[in-house]
Amino acid sequence: MIDADLTLIPAELGPLIADSRLGDTSGGVFRHRYAATGKITADIPLAGAIEIDRAVRAAHVATNRWAAVSPPDRRDMMMRFADMLDAEADSLARLSVIDNGMVIGAASFGPTFAADAFRYCAGWADKIGGDVISVWGAPAFDFTIDEPYGVVAVIIPWNAPVYAIGMVLAPILAAGNCVVVKPPEIAPFAVLKLGEMFLRAGFPAGVVNIVPGGAEAGSALVSHPDVDKVHFTGSGETGKRVLAAAAQSLTPVQLELGGKSAALIFEDADIDDFAPFSISGLVNCSGQGCINAGRLLVHSSRYREVVDLVAEAAKGLRVGDPFDVNTAVGPVATSMSAERICGVIDRAKSDGAKLVAGGRRMGGELANGWFVEPSVFADVDPRSDLARNEVFGPVIAVMPFDSEEEAVALANDTEFGLAGYVFTQDVRRAHRVGRALQAGNIWINGFAGIPNAVPFGGNKASGFGRLGGIHGIREFLRPRNIWMAT
Ligand code: NAD
């Protein structure tokens, strides 16, 4: 196991407010550890209510400065930032591994994805603004002006912070808002570095403020009266608290929450389409991905074949050093996560599910890190804990079905509605089932990530609002309408 290169960690880890880095903070200190070894990496000074207030004020002051930057200049600044993401891709990827233990392969794609998000949204920055609307009745000229909200509070998750900065901040900034970002204390390093890069790219001080913190900081941020909109990515339970807090000042909220997504493998599925996808729920961020297919629903005529394929693929996954390019599965993010996931595995065993791969915390040279074997359960009871609740770890549940109707009913029998996957060679069925699945994003016969041009977000308990595409930019614009008699 290679120790993390701690020299990559930014020297100053306090909140970045406007263009100043704070040393002393009121929210205490978080001792961060490297997930692969459990060794201490750094002590992070955490923001408390005082620093959150300062950051929101700084963002508020910057709104005029940001509004004075012309849309073409805003576009160019975002393009410059994208170029810097490419230039710093290697160090950002390495920091991402130290952040949460994600494997270097996935970490390396983060800056590329974020750069693409910034370029995509930069292309809109000089094209949004409003519409002329034809109105009937009195002779009149009617037009809308799309305005930014002002200060957007952003709470991003720890599983893929660099990806999240691309997905969430690019549309917010393109729309002309200022932001206060709260990265999680358990994965702050790459985002703190990005904060400095925003300044170097020419973003005026205060447009992007980065305040690492925990629940105290998050709560202070979403209830701050000068925040004009909230973006929250995280669990449903915290999402409800965020909504309740924002309700006090009637602040609008966008929520990206959890999922329990299903992949439906029909009797006519092409196994070559499905095979590369089969273990994505185990490898994608060590199973800690919100869109992971934690449930594989398989037509009974292909059930044994698929169970064997997934079990063999899971057993063949190389688990270990996240800095090794050949590693498929790294550790999970914290020791608490590892214990929680092992608890889910134990419950699934006692609920009668059949363990066909994995099933344990890993020992040997991985014992000091937070490694859980990629685990596959077959014959899972659709009413069991494993079938119904998000695991957020490398555990997959496989279940059989006999008809298309039953498959759709099983897939939709969840409080969540984030993603869905369909494998069939029947084009009519692909369209039918794609529409019938109650989820925000559906992939058919393959998966190639989330393109930045498409809307992304959940239905039901997976949240509301959309990131991605023009939909993501509109989410952070407020149209006003002006009607004028002619
Ligand atoms: P979490 O809800 O426990 O925490 C999320 C963040 O909220 C943390 O930064 C935490 O400090 C902050 N927080 C805690 N209490 C708060 C409060 N009262 N007010 C404001 N902020 C508060 O979630 P988590 O365990 O860190 O993340 C995992 C969850 O996130 C999973 O459910 C996963 O599916 C979801 N997720 C969703 C997406 C998506 O795009 N839909 C992406 C990644 C993760």
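To keep it simple, each residue is scored yes or no on (1) more than 11 Å from the ligand (Cβ to nearest atom); (2) without any contact (Cβ under 8 Å) to a residue 12 or more places away in the chain; (3) not in a loop (DSSP other than H, G, I, E, B).
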| residue | (1), (2), (3) |
| --- | --- |
| Ala220 | no, no, yes |
| Gly239 | no, no, yes |
| Leu264 | yes, no, yes |
| Cys290 | no, no, no |
| Arg304 | yes, yes, yes |
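Taking (1) within 16 Å of the ligand (Cβ to nearest atom); (2) among the small types (Gly, Ala, Ser); (3) within 22 Å of the chain's Cα centre (by Cα) in turn, Ser278 satisfies each apart from (1). Is there a residue being more than 25 Å from Phe464 (Cβ to Cβ) and within 16 Å of the ligand (Cβ to nearest atom) anywhere in region 376-391? So far as region 376-391 goes, yes, one or more of its residues are more than 25 Å from Phe464 (Cβ to Cβ) and within 16 Å of the ligand (Cβ to nearest atom).
I'd like to check something: does region 68-87 contain any residue that is more than 20 Å from Leu467 (Cβ to Cβ), in contact with an Asp or Glu (Cβ under 7 Å, 6 or more places away or on another chain) and at pLDDT 95 or above? Within region 68-87 (the criterion being more than 20 Å from Leu467 (Cβ to Cβ), in contact with an Asp or Glu (Cβ under 7 Å, 6 or more places away or on another chain) and at pLDDT 95 or above), the answer is yes, since at least one residue qualifies.
Cβ separations smaller than 7 Å between residues 6+ apart or across chains give the following pairs from region 150-161 residues that are on the phi > 0 side of the Ramachandran plot to residues that are more than 10 Å from the ligand (Cβ to nearest atom) and of a type in the set (Ser, Thr, Tyr): Gly150/Thr63.
Tell me, which helices (runs of 4 or more DSSP H) wholly within region 134-203 include 3 or more residues that are in contact with a Pro (Cβ under 6 Å, 6 or more places away or on another chain), aromatic (Phe, Trp, Tyr) and farther than 22 Å from Asp76 by Cβ?
none
Going by what's in this entry, would Ser286 be described as over 24 Å from Glu406 (Cα atoms), under 23 Å from the mean Cα position of the chain (by Cα), surrounded by 22 or more Cβ atoms within 10 Å (Cβ to Cβ) and among the polar types (S, T, N, Q)? When the stated conditions are applied, Ser286 passes them.
For every residue, the table says whether it meets (1) in contact with a Lys or Arg (Cβ under 7 Å, 6 or more places away or on another chain); (2) within 16 Å of the ligand (Cβ to nearest atom).
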site	(1), (2)
Gly137	no, no
Ile156	no, yes
Ile165	no, yes
Leu169	no, yes
Asn177	no, no
Glu185	no, yes
Ala205	no, no
Gly213	yes, yes
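Given the condition crowded, with 24+ Cβ neighbours inside 10 Å, in contact with a Leu (Cβ under 6 Å, 6 or more places away or on another chain) and at negative phi, answer yes or no: does some residue in region 94-113 qualify? So far as region 94-113 goes, yes, one or more of its residues are crowded, with 24+ Cβ neighbours inside 10 Å, in contact with a Leu (Cβ under 6 Å, 6 or more places away or on another chain) and at negative phi. Gly23 passes every criterion in (1) touching an Asp or Glu at 6+ places or on another chain (Cβ under 8 Å); (2) touching a residue at least 60 places away in the same chain (Cβ under 8 Å) apart from (2).
Determine, yes or no, whether Ile133 is among the hydrophobic types (A, V, I, L, M, F, W, C) and away from the ligand (no atom under 14 Å from the Cβ). In short, yes.
Is it true that some residue in region 27-36 is among the aromatic types (Phe, Trp, Tyr), under 25 Å from Asn100 (Cα atoms) and either in contact with an Asp or Glu (Cβ under 9 Å, 6 or more places away or on another chain) or surrounded by 17 or more Cβ atoms within 10 Å (Cβ to Cβ) (or both)? Don't jump to the end; show me each part of the working.
Filtering region 27-36 down to residues among the aromatic types (Phe, Trp, Tyr) leaves 30, 34.
Now drop any that are not under 25 Å from Asn100 (Cα atoms), which leaves 30, 34.
Imposing the further condition that a residue be either in contact with an Asp or Glu (Cβ under 9 Å, 6 or more places away or on another chain) or surrounded by 17 or more Cβ atoms within 10 Å (Cβ to Cβ) (or both) reduces the set to 30, 34.
Yes, region 27-36 contains at least one residue that is among the aromatic types (Phe, Trp, Tyr), under 25 Å from Asn100 (Cα atoms) and either in contact with an Asp or Glu (Cβ under 9 Å, 6 or more places away or on another chain) or surrounded by 17 or more Cβ atoms within 10 Å (Cβ to Cβ) (or both).
The values are calculated or read from the model by the stated rules, or taken from the named source; none is laboratory data. Fair warning: this is a prediction, and the values are worked out from it, not measured in the lab. Reconstructed Cβ throughout: ideal geometry from the backbone, glycine too, with neighbour counts over all protein chains shown.
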